[in-house]
Amino acid sequence: TNLGTYRKSHIPDGTGYQEKFYFTPGDSGFKVFRTKVGNVGVAICWDQRFPEAARAMALQGADVILYPTAIGSEPQDPTLNSVDHWQRVMQGHAAANMVHVVASNRVGTEILLDMDGATEKQRIDFYGRSFITDLTGAIVAECTSHPSDLPVQVLTAEIDKEANRRARAAWGIFRDRRPDLYKVL
């Protein structure tokens with residue numbers, strides 16, 4: 001069954017991630033798909049860095065937000081390790097919106113060769129670390145990150161959407177919003 005289409009909205013343009021050369025930002029807006037098991041929001045990769053995307057999906061009633069991702073080392077600075085920040089950003093989305101987050105990330109190494117076909121021009125080590133949060137942002141399941149830890153790991157977590165909806169309502173996160181003050185956004 002086709003639930004609809006979401007097109008990636010935020011396209012990165014940095015060393016190792018020059019997607020703007022190949023892709024145009026999507027125009028679908030942020031979507032929440034109604035399914036038998038609950039309301040599922042989906043955003044893709046770089047979209048995860050933008051809190052407005054998570055809030056838009058939460059306001060549309062998402063019970064869970066899925067973030068399929070391919071992110072790893074930063075070729076412009078090999079000393080920069082973004083994995084913890086990557087996780088904390090999405091944990092923050094979960095906590096700020098009281099919604100579960102499921103983030104799946106690629107694992108392994110991708111090597112870009114120079115024009116001669118033999119010289120390594122760039123390397124990205126995708127760190128994996130896929131995870132699931134509860135509605136407070138706590139990680140309840142996480143994969144290991146090293147490619148030698150394969151075979152493929154599968155994460156699961158139970159989500160009680162009705163209890164979560166009650167908790168969200170009780171906290172008043174959306175009840176007490178002040179959109180009149182957010183015009184700068």
ask   = Can you tell me how many residues in the stretch 16-34 are open to solvent by less than 60 Å² (accessible area, probe 1.4 Å) and of a type in the set (Val, Ile, Thr)?
value = 1
ask   = Restricting to the stretch 129-175, what's the tally of residues that are outside any loop (DSSP other than H, G, I, E, B), modelled with pLDDT of 90 or more and of a type outside the set (Asp, Glu)?
value = 16
remark   = If we keep only residues of the stretch 1-53 that are modelled with pLDDT under 85 and among the polar types (S, T, N, Q), then the residue nearest to residue 72 (Cα to Cα) is 15
Contacts under 7 angstrom Cβ, first residue in the stretch 163-185 being under 14 Å from residue 135 (Cβ atoms) and open to solvent by 80 Å² or more (accessible area, probe 1.4 Å), partner in a loop (DSSP other than H, G, I, E, B) and at pLDDT 90 or above, 6 or more apart = 171/98
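For residue 88, state whether it is crowded, with 16+ Cβ neighbours inside 10 Å and either part of a helix (DSSP H, G or I) or charged (D, E, K, R) (or both).
Details: crowded, with 16+ Cβ neighbours inside 10 Å: no; either part of a helix (DSSP H, G or I) or charged (D, E, K, R) (or both): yes.
Criteria not met by residue 88.
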request  = Would you mind stating whether residue 50 is out of contact with any Phe, Trp or Tyr (no Cβ under 7 Å at 6 or more places or on another chain) and without any contact (Cβ under 8 Å) to a residue 40 or more places away in the chain?
outcome  = no
query = If we keep just the residues of the stretch 57-85 that are surrounded by fewer than 22 Cβ atoms within 10 Å (Cβ to Cβ) and of a type in the set (A, V, I, L, M), which is nearest to residue 160 (Cα to Cα)?
reply = 66
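Would you pick out the residues in the stretch 105-128 that are closer than 21 Å to residue 84 by Cα and modelled with pLDDT under 90?
Scanning the stretch 105-128 gives 106, 107, 108, 109, 110, 123, 124, 125, 126, 127, 128.
Filter the stretch 35-46 down to the residues that are within 18 Å of residue 158 (Cα to Cα) and open to solvent by 30 Å² or more (accessible area, probe 1.4 Å) and list them by number.
Initially, the stretch 35-46 is screened for residues within 18 Å of residue 158 (Cα to Cα), giving 35-41.
Hits for the stretch 35-46 are 35, 36, 37.
Going by the conditions given, is residue 141 within 30 Å of residue 167 (Cα to Cα), free of Cβ contacts under 8 Å to residues at least 40 places away in the same chain and surrounded by fewer than 16 Cβ atoms within 10 Å (Cβ to Cβ)? Explain how you work it out, then say what you get.
Working: within 30 Å of residue 167 (Cα to Cα): yes; free of Cβ contacts under 8 Å to residues at least 40 places away in the same chain: yes; surrounded by fewer than 16 Cβ atoms within 10 Å (Cβ to Cβ): yes.
Against the criterion (within 30 Å of residue 167 (Cα to Cα), free of Cβ contacts under 8 Å to residues at least 40 places away in the same chain and surrounded by fewer than 16 Cβ atoms within 10 Å (Cβ to Cβ)), residue 141 qualifies.
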key: Only listed residue being in a strand (DSSP E or B) and open to solvent by less than 20 Å² (accessible area, probe 1.4 Å), chosen from 103, 54   = 103
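The values are calculated or read from the model by the stated rules, or taken from the named source; none is laboratory data. Note that the structure is a prediction, hence the values are computed from the model and not measured. Virtual Cβ from ideal backbone geometry, glycine too; neighbours counted across all protein chains shown. These area figures cover heavy atoms from the full protein model, side chains too; ligands, DNA and RNA do not enter into them. Shrake-Rupley method; radii C 1.70, N 1.55, O 1.52, S 1.80 Å.
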